[in-house]
Amino acid sequence: MERLRRRDRQMFSGFTKGEIEKMEKLLEESRLQLLNREFCQKVTQGFNRSSGRAGKPVIKWMEVYNWLQSRLQDFPKNEKRMSEIPKACPSNKTQESSQRPEGEKSPDLSELEFEARSSKDGAWYDVAMFLTHRFLSSGEAEARVRFVGFGAEEDEWVNIKQAVRVRSVPIEHSECQKLKVGDIVLCFQERRDQAIYYDAHIVEVQRRMHDIRGCRCLFLVRYEHDSTEEKVRLRRLCHRPAHRF
């Protein structure tokens, strides 16, 4: 299953009343289960073909996805807070311990939001909740996480020190001039079969005049997971946290 992640950019406001009513109904019926690229593309295609969109701008599937994710935050939750790490520990197993190593303090993380790196593809995804944690015989700590927009079947154990960090933040147009060669960023990699976030660093910056749409500069980035390079615009870049836990 392809994973997507929510990012806090200004939400698209060009939906018609009928389109909004349709999406509200879909949320009530499906919630998180249908928040994937294929579903959002199908909804977007239906909107763009409808008579109500005649003469209006074409909608992009990511605009539908972002709207649905934003509205999900308004639904009452019976689950734990997105950023809350549960107090419950797993039962003791061979090579695992539910006790924290002596002298190691537990930081107050209740007000933060996190992202975690999946071992399946090396990409970073927003964490919906920390389900439990464990300590291996090596002393390293792992957390079992649930990613935003995915069910229990996609839960993963991740190394807290190496694969969990405070959530990256989208870079605003006004911050363009601060970016320089060598800066480390999180980049939205959009391909035909996937649209996910990877660590990268800036190799080259092509400055251009900004217009009403915002920054028009181009940034050549090199992805850290496979060393491939790509030219992207600012909207696909996020500030990467300076530290992990």
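Table for the structure above
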quantity: Condition broken by Phe188, with the remaining ones in (1) outside any strand (DSSP E or B); (2) within 21 Å of the chain's Cα centre (by Cα) satisfied; calculated: (1)
quantity: The stretch 191-217, residues that are among the polar types (S, T, N, Q) and either farther than 21 Å from Arg167 by Cβ or not in a loop (DSSP other than H, G, I, E, B) (or both); calculated: Gln206
quantity: Residue list for the stretch 143-166, restricted to those being open to solvent by less than 30 Å² (accessible area, probe 1.4 Å) and of a type in the set (D, E, K, R); calculated: Glu154, Asp155, Glu156, Arg165
quantity: Hits in the stretch 218-241 (condition: surrounded by 18 or more Cβ atoms within 10 Å (Cβ to Cβ) and either among the hydrophobic types (A, V, I, L, M, F, W, C) or in a loop (DSSP other than H, G, I, E, B) (or both)); calculated: Phe219, Val221, Val232, Leu234, Leu237, Cys238, Arg240
quantity: Boolean, Glu38 is part of a helix (DSSP H, G or I), at pLDDT below 80 and more than 14 Å from Val148 (Cα to Cα); calculated: yes
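The values are calculated or read from the model by the stated rules, or taken from the named source; none is laboratory data. Treat the numbers as computed from the prediction; the structure is a model and nothing was measured. Glycine also receives a Cβ, built like all others from the backbone with ideal geometry; neighbour counts cover every protein chain displayed. With ligands, DNA and RNA removed, areas are computed over all heavy atoms of the protein, side chains included. Shrake-Rupley method; radii C 1.70, N 1.55, O 1.52, S 1.80 Å.
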